[in-house]
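Inspection log for the structure reproduced underneath, given as structure tokens.
The values are calculated or read from the model by the stated rules, or taken from the named source; none is laboratory data. Since this is a predicted model, take the numbers as computed values, not measurements. Glycine gets a Cβ as well: all are built from the backbone with ideal geometry, and neighbour counts include every protein chain shown.
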Amino acid sequence: MKDGGRTQTRRGVLRRLLAFTGGVGAAFSVPGTANAAGVPVRLPIPDGRGGTVEARDQLPYDSLERAQKLIPRFDGTFLRGEIRAASDAVVAEGKKHWAEALAARLTDLADRLPSSVTLTTSIEGTTVRQRYRYRQGRADDLAVAKRLVRQEIDSFETGVGARLQSQIKEQVHRRTADVYANHHYRAIRQGNEFLVQIDYGRVAAAQAPDLAGLAESVRRVSGKTKPRALIADVLTAFQSLPYDRLETRDPRRRNGFATPIEVLSIGRGDCDSKSTAMAALLETLLPRHSSVLVTIPGHAMLGVDIPGEPGDATVHHGERIYVLMEPTGPGLLPIGDLDPKSRTALVAGRIQDVLPLSGPVALAALGR
């Protein structure tokens, strides 16, 4: 994970009224394994004697393919095309309202023009056209009428028209954010640009149901009933999975992220990928406990709202206190113990985000 999982869009250029363009960076689709019976997922659970026992499950054959398609590249043609289509639809509808409002203003103005001039207003697409019919009257009646129309148009454009354009821009921003959300991204508005980030909570919620079988296997293999003890076994299991930055040599596909099913299928992952996968598993194992992703520069940790013990590293967010842990590995750090760099960042107050992942807090954040 780099820069707390954040990637800044590089362009937010207004075209016509507004058309949004995206940036660079991507979720990284990793190869997985599948066989005729389905997709095997497994975790090495400590057996209490220095060894491990494998918790396992077999997911439907198409689950890995669905997992790999869950988060499209946000600089790819598919997502950019969808954003463009949504923006164009808003702009077209907005320009239609703009033309109708202007035409109504000019129709009202027609009654106040010199009696020798008749003004007819029509809308052709999104263009308002004026036609003048002049009967015998004062020599300057037509010029007066055209000047009054021009003044009315200028007044409209600086008043009602400007407000309509502002509303259109705001609607485009909302629709853009909605498109990102539909594909498991968070789009944080910054002026005319967006800060785009994987929506880890949506990803965890989307794949948690598929991991119910593995969660039951973990519960059976672990044999632990107290939440902290059960979480400790799951934490050790994820720390035991090899660390992988999930990068390729293609510079357009850096800052990789693997979904929970991908992590458990390929048996490796980086900090935010492992933390999200562990949270998705905890959603079924301990649904009454909330978990969060805590990001610091270049790294991510997991926090779970369980009772703390002396010496535990914690973070307070909202009305809850979360005990922190490091699923990343390879060090087998116990619950509440952090890597020295993580602890230094925590003490220095360099937390970037605390993002809901699972449990009641995540469900509330998703509006469920």
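Quick rundown of the values:
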| read-out | value |
| --- | --- |
| Selection within region 195-216 - among the charged types (D, E, K, R) and in a helix (DSSP H, G or I) | ARG202, ASP210, GLU216 |
| Matching entry among ARG163, ARG174, ARG189, ARG219 (being part of a helix (DSSP H, G or I), farther than 19 Å from MET301 by Cβ and within 27 Å of the chain's Cα centre (by Cα)) | ARG174 |
| Sole residue being farther than 18 Å from GLY267 by Cα, modelled with pLDDT under 80, surrounded by 17 or more Cβ atoms within 10 Å (Cβ to Cβ) and in contact with a helix residue (DSSP H, G or I) (Cβ under 7 Å, 6 or more places away or on another chain), chosen from LEU17, LEU70 | LEU17 |
| Count of region 94-143 residues which are free of Cβ contacts under 8 Å to residues at least 24 places away in the same chain, touching a Phe, Trp or Tyr at 6+ places or on another chain (Cβ under 8 Å) and not in a strand (DSSP E or B) | 0 |
| All positions within region 280-295 that are among the hydrophobic types (A, V, I, L, M, F, W, C) and in contact with a Gly (Cβ under 7 Å, 6 or more places away or on another chain) | VAL292, VAL294 |
